[in-house]
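The values are calculated or read from the model by the stated rules, or taken from the named source; none is laboratory data. It should be emphasised that the depicted structure is a prediction, and the values quoted were computed from it without experimental measurement. Please note: Cβ atoms are built from the backbone with ideal geometry, for glycine as well, and neighbour counts cover all protein chains shown.
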Amino acid sequence: MRCAAGAIVAHTRADEPPDPGPRLPDLVFGSRPGGAPLWARLRMPRLPVQMSDNQEATVTSMTQPTRAEPLVVQVSRQFRARITSGDWAVHSRIPGEKRLAEELGVSRGTVREALRALTAAGLLEPRVGDGTYVRASDELTGLLAHGGGTDLEHVLDVRAVLEVAAAERAARHRTDAHLDAMREAVAARAEAERADDVDAYVAADSRFHRAVVEAAHNPLLTRLYDALRENVVESIRRTTALPEVQGLNDLHEGLLAAIEDGTPEHARAIATELADELGFISAVVEDEARDGDPADARRTDGTA
């Protein structure tokens, strides 16, 4: 019809506004009935939707890698999960490439690249003619292990920094469970000394110091200490000669009592004294290693 001004307009019902035409979102996403989306008409690829880990679309099993990301990344992540879970224990030999490739349904080349990535991260160690072994359970431990042997004095220095700080915090934040773990370790330590069982003694002493660190309630401190676990255990073994140095057990029991009483300054002081005593023993051990002196050269405060 023609209006008074001479303009031509489309015929509409009196109660409907004029159709403004398709909106931009309708053109792009195709929400109008019967309309194909613009991206489809132009043959433009739609970007994949990134979903969260707890949504079903992203869940993958050990035997079902997907194409949402490179297969090497997926396989590497699954191997890492086996290491951190303990399924592949530290120092154990992992299955060969052929077996892993068959289990996952991927090529041996993909498995090889995934293993190389974990080797570069310090988690795995290939040995020529003997397969691949787990070196560490996390990158930090792997980095420390990559350098090989560590000087005993250096390990004890780092232990002193971590264990003294942990003792002070443990006196503030310990729980009954932490105290139970410390008591068990101190008792096992004393029993191992009476039985002249070096392996049990080293294990119990390691458990005690680990329990103190855990009682500090500092996850980063715990992770750092755990990364040094092998070095810590080795330092305990190298400074152990049974019967132990007189007063050493008293220092452990005193540290437990200070933490149990909730006296941070006292706990710090005892932990410092304990670290100094271990430093002295380390110096004796190093002298014996250089001179070939018998073990009875170590200090016993006047006793044999």
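Some values worked out for this structure:
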| quantity | calculated |
| --- | --- |
| Sole residue being modelled with pLDDT of 95 or more, in contact with a His (Cβ under 8 Å, 6 or more places away or on another chain), assigned to a helix (DSSP H, G or I) and of a type outside the set (A, V, I, L, M), chosen from R183, R169 | R169 |
| Any hit, segment 242-249, residues being modelled with pLDDT under 95, in a helix (DSSP H, G or I) and not basic (K, R) | yes |
| Unmet requirement for R116, which otherwise passes all of (1) surrounded by 14 or more Cβ atoms within 10 Å (Cβ to Cβ); (2) within 23 Å of R210 (Cα to Cα) | (2) |
| Selection count where residues are crowded, with 20+ Cβ neighbours inside 10 Å and more than 19 Å from A167 (Cβ to Cβ), scope segment 194-226 | 2 |
| Counted residues, segment 176-193 - those being charged (D, E, K, R), surrounded by 15 or more Cβ atoms within 10 Å (Cβ to Cβ) and out of contact with any Pro (no Cβ under 8 Å at 6 or more places or on another chain) | 2 |
| Positions within segment 104-130 being under 23 Å from the mean Cα position of the chain (by Cα) and more than 15 Å from R80 (Cα to Cα), in sequence order | P126 |
| Residue check for E273: more than 25 Å from H154 (Cβ to Cβ) and either charged (D, E, K, R) or over 29 Å from the mean Cα position of the chain (by Cα) (or both) | no |
| Top-ranked residue of segment 255-265 - restricted to ones that are under 31 Å from the mean Cα position of the chain (by Cα) and assigned to a helix (DSSP H, G or I), ranked as nearest to R169 (Cα to Cα) | P264 |
| Residue count, segment 204-235 (criterion: without any contact (Cβ under 8 Å) to a residue 24 or more places away in the chain and either in a loop (DSSP other than H, G, I, E, B) or not basic (K, R) (or both)) | 4 |
| Residue check, N231 within 26 Å of D287 (Cα to Cα) and in contact with a Leu (Cβ under 8 Å, 6 or more places away or on another chain) | yes |
